[in-house]
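Novice: Before I ask anything, here is the structure I am working with.
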Amino acid sequence: MVQLRYISIPALIAEAGGDPWAINQSLQVGRPAQISDLAEAFHTAGRCTTERDNAFEAARRRFESAWTHENGENPINDSAEVQRMTTALGAQSAQLPKIGLDLENIAAALAEAQRAAGTQIATLEAELQQLDDLIGQAVELEKNSHLSADDRSALDAFIRVSEDDAVRDTKAVLGQLQSIRNGYSDFLDTALTTLRTDGYDPSVIQGADAQKLHQPIPLPPPGTGAEDVNRWWKSLSPEQQKHLIADHVPELGNLNGIPVDVRGAVNTSVMNDDLHRVEDLAKNGVSVNDVLGDPGRYGLSPSAVVRYNNACRAREGLAKSAEAVDKWPGNHPPVFLLRYEPEAFGGEGAAAIAIGNPDTAANTAVLVKGLGSGMREGTLANPDGVRLYEESARADWGKETAVVMWVGYDAPNTWHDPGLYEPNMARTGGQLLAADVNVLAVTHQGAPTHMTVVGHSYGSTLVSDAAAYGMHTNDVVLVGSPGTHLAHSAADLHLSPGGHLFVGAASGDPVTWSPGHVRGPGVFGPTLGGLGDDPAVDGYGSTRFEAENPPYTTNPIYDHSHYFDNGSESLFSMADVVSGHGDALEHDGLTAPHRGEYGMGGWFDPEAFRSATTGHRHSGPAG
Amino acid sequence: MWSLSLRIAAAATGIGLALSGCAEVHHPISPQQARAQVVDAARDIVNAVHGQVTEATFSYESCNDQGEPPFRGVAKVSFWVPGVAHDEPADPQTVIKALVADGWSTDSDFKSHSPTLRKNNVNIILTVPPRPPAGIQLKGHAWVDVDGECRDTSDHRTDGSVVPVNITNEIQRP
């Protein structure tokens, strides 16, 4: 550091409000050459495209022109690092050169920051030296005993101005250095996250990147793909993962690409916070209802109340799901709060609960309910998910099952909700569903799961739309479908090879009699129009299974509401499909003729002439 | 069996009902009665088979896929069958015979591992699973799902009573 005789550097730092030399030092300890060498090694190891070559060369030139060639030693074992990642990612991985490019960009940014900071400090020191010399001359002059009082006071004033100049210059450079430091730190944070989404744990460059600690770890930015998020997560050390789970930032629990058990742990902690915020106020004779009756008095915001109410629904859903029995008495599958967004859709909430772990299950079903379903409406505690789980688990005794109750869209509330006929409502929901189904394949461990997406009522319309937005699934089950909107045949669902569309439609279910086919008594007017084709009709390309219900009341809507009854044809058939045994339906005698078969019109339903059967239950290891 | 024309006519009425959100119950019972119906049945079953309860819960469940009223009482009871080692599966026939002797009727095949039985308008599904694979330890020989009648017209969706509660003490033999 510059040696000054008259200006005190500690005093300057105190006056300027910060130490520019310390900031410079914190940057200069970085080792951009080490990072650049490592970058080069990754770049060379991978197969590069011309585009990536050019990007790398550009970053390399930036580094070369900024690098000051100090600190040449190289403690990072580049070849060992590359070897490690080649093993982890595969030699052909496009990730290797990408890691190289990201590292070279860090090296360039660091070298540029070092160069800029060094220039600023050199300029500052030259200015201070000059001012110090001027002050020195003034001090020498003041030693002259023949000076007039005016001269003396003029010299004093000159010294003061010089000192002020020194403080002003230091302040200005401090500001510049802070800006350089912050700019580099921000860039580094983003770049480290990107490296993690490449699947690379950047802790090896810690220190060399002039950052003392890579803490706290920022989450990948919104819009990061699920595969990248998954690599980001896997690049963290177990200790870092533990910290992030303990911190339970709400975004982490809903981030597609994070393993199911982690999402469940984070979301459950966030839910518990929402519950405690209200329930902890209920003491000394004050009840939760008292608190909710006058939330402002207890310092609760309207959003805290919305979160509390939906947290209760989630807690009830988890408790109901935990009751599911996995084939043997007292043997309960784990349950996970897979999605938890209590304030979504204007306070209606969005959530998903997994019964069993989709990341490890051999058979996974995602269940989408229809009209009037929702987090706020208590759908998470509906018994259908538990029943589908129990029946599917028994349909294949040797395999692990998972059922996800997905309440993640803004469902229309009633048949007269105008949103029912809004294509946007199904479109938005379809996109959300497609993303949430597809991510289960990203986080799944081992051989791919057999995926079935089950849509009930309006949920079946949504499932059809999700297929149009790129949802990947082996099989699809539609029960009580009012129409398949964007899909006009099974082919439009773009199922995985070998996949099938299975349809359950009770002959007496008025919702499934779409108006395009039945004009009969004339009451199927435009009210129910607009949801598309009936997938139970001959020629649509579906396998129809038996889904009749025994007469129970005089109320025919009963037929629309009993596809998930224990012992029903429908629940049994769905379990055959979910367990990967859709072909067993034929053998189990549960396939049904399509509407309009035998050359009749689509209004003709052969199932109307058959009596419903009950007592269907998978009951032994043989199925 | 309904004729097709009757089906269509009924479906037409159904639309009206769907739009009005109405599901008629002719002889409603109170939530307390709905609860007592299945808890009493669960106690009756445990007594009939001389079972040792390992887990027993009660909750209200909606009687339709929409989750709307009416509701019914539902119990799930896991138990050991007396005289059978805890690392051995029980014989379904023994359990079914004990229930039939107690007045439960069934159309199910006696060989089945999961027959349905009925008494006083309460339906049960009995599950007596076979020997589990290595790694799964038995925590009971059997369980029954007890379903009461769909006559409770209260809306239990958001009153917390859809959460299963422990009823072991209410049904365990003294």
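Novice: In the stretch A:8-33, which residues are over 18 Å from A:Gly175 (Cβ atoms) and more than 34 Å from the chain's Cα centre (by Cα)?
Specialist: Hits for the stretch A:8-33 are A:Ser8, A:Pro10, A:Ala11, A:Gln28, A:Val29, A:Arg31, A:Ala33.
Novice: A follow-up question, please. Hey, any hits in the stretch A:332-349 for a residue that's of a type in the set (Phe, Trp, Tyr), touching a residue at least 12 places away in the same chain (Cβ under 8 Å) and on the phi < 0 side of the Ramachandran plot?
Specialist: yes
Novice: Turning to a different aspect of this structure: State whether one or more residues within the stretch A:43-50 are in the same structural domain as A:Asp198 (by TED's automatic domain parsing), small (Gly, Ala, Ser), on the phi < 0 side of the Ramachandran plot and free of Cβ contacts under 8 Å to residues at least 40 places away in the same chain.
Specialist: No.
Novice: So A:Ser65 passes all but one of these: (1) closer than 26 Å to A:Gln211 by Cβ; (2) hydroxyl-bearing (Ser, Thr, Tyr); (3) not in a helix (DSSP H, G or I). Which condition number does it fail?
Specialist: Unmet condition: (3).
Novice: So for the stretch A:307-320 (the condition being outside any helix (DSSP H, G or I), in contact (Cβ under 8 Å) with a residue 40 or more places away in the chain and surrounded by 19 or more Cβ atoms within 10 Å (Cβ to Cβ)), does at least one residue qualify?
Specialist: no
Novice: Continuing with this model, one more query. Kindly indicate the residue of the stretch B:132-158 that is basic (Lys, Arg) and facing chain A (nearest Cβ under 9 Å) and also surrounded by the fewest Cβ atoms within 10 Å (Cβ to Cβ) among those meeting that condition.
Specialist: B:Lys139
Novice: Taking the stretch A:351-395, which residues are out of contact with any Leu (no Cβ under 8 Å at 6 or more places or on another chain), among the hydrophobic types (A, V, I, L, M, F, W, C) and in a strand (DSSP E or B)?
Specialist: If the condition is that a residue be out of contact with any Leu (no Cβ under 8 Å at 6 or more places or on another chain), among the hydrophobic types (A, V, I, L, M, F, W, C) and in a strand (DSSP E or B), then A:Ile355 is the only one that fits.
Novice: Moving to a separate point now. Determine whether A:Gly347 is more than 19 Å from A:Leu252 (Cα to Cα) and within 22 Å of the chain's Cα centre (by Cα).
Specialist: Considered against the rule, which asks whether it is more than 19 Å from A:Leu252 (Cα to Cα) and within 22 Å of the chain's Cα centre (by Cα), A:Gly347 comes out as yes.
Table: residues versus (1) in a loop (DSSP other than H, G, I, E, B); (2) under 30 Å from A:Asn289 (Cβ atoms); (3) touching a helix residue (DSSP H, G or I) at 6+ places or on another chain (Cβ under 9 Å).
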position: B:Ala98; (1), (2), (3): no, no, yes
position: B:Arg118; (1), (2), (3): no, no, no
position: B:Arg131; (1), (2), (3): yes, no, no
position: B:Ile136; (1), (2), (3): yes, no, no
position: B:His156; (1), (2), (3): yes, yes, yes
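Novice: When you look at A:Ser392, is it crowded, with 24+ Cβ neighbours inside 10 Å, at pLDDT below 85 and among the polar types (S, T, N, Q), yes or no?
Specialist: Against the criterion (crowded, with 24+ Cβ neighbours inside 10 Å, at pLDDT below 85 and among the polar types (S, T, N, Q)), A:Ser392 does not qualify.
Novice: Collect the residues in the stretch A:496-526 that are at the interface with chain B (Cβ under 7 Å from one of its Cβ atoms), touching an Asp or Glu at 6+ places or on another chain (Cβ under 7 Å) and either modelled with pLDDT of 85 or more or not in a loop (DSSP other than H, G, I, E, B) (or both), keeping them in residue-number order.
Specialist: Result: no residue meets the conditions.
Novice: What single numbered condition from (1) without any contact (Cβ under 8 Å) to a residue 60 or more places away in the chain; (2) surrounded by fewer than 22 Cβ atoms within 10 Å (Cβ to Cβ); (3) at the interface with chain A (Cβ under 9 Å from one of its Cβ atoms) fails to hold for B:Thr57?
Specialist: With respect to (1) without any contact (Cβ under 8 Å) to a residue 60 or more places away in the chain; (2) surrounded by fewer than 22 Cβ atoms within 10 Å (Cβ to Cβ); (3) at the interface with chain A (Cβ under 9 Å from one of its Cβ atoms), B:Thr57 is out only on (1).
The values are calculated or read from the model by the stated rules, or taken from the named source; none is laboratory data. Given the structure is predicted, the values throughout are model-derived calculations rather than measurements. All Cβ positions, glycine included, derive from the backbone under ideal geometry; neighbour counts span all protein chains shown.
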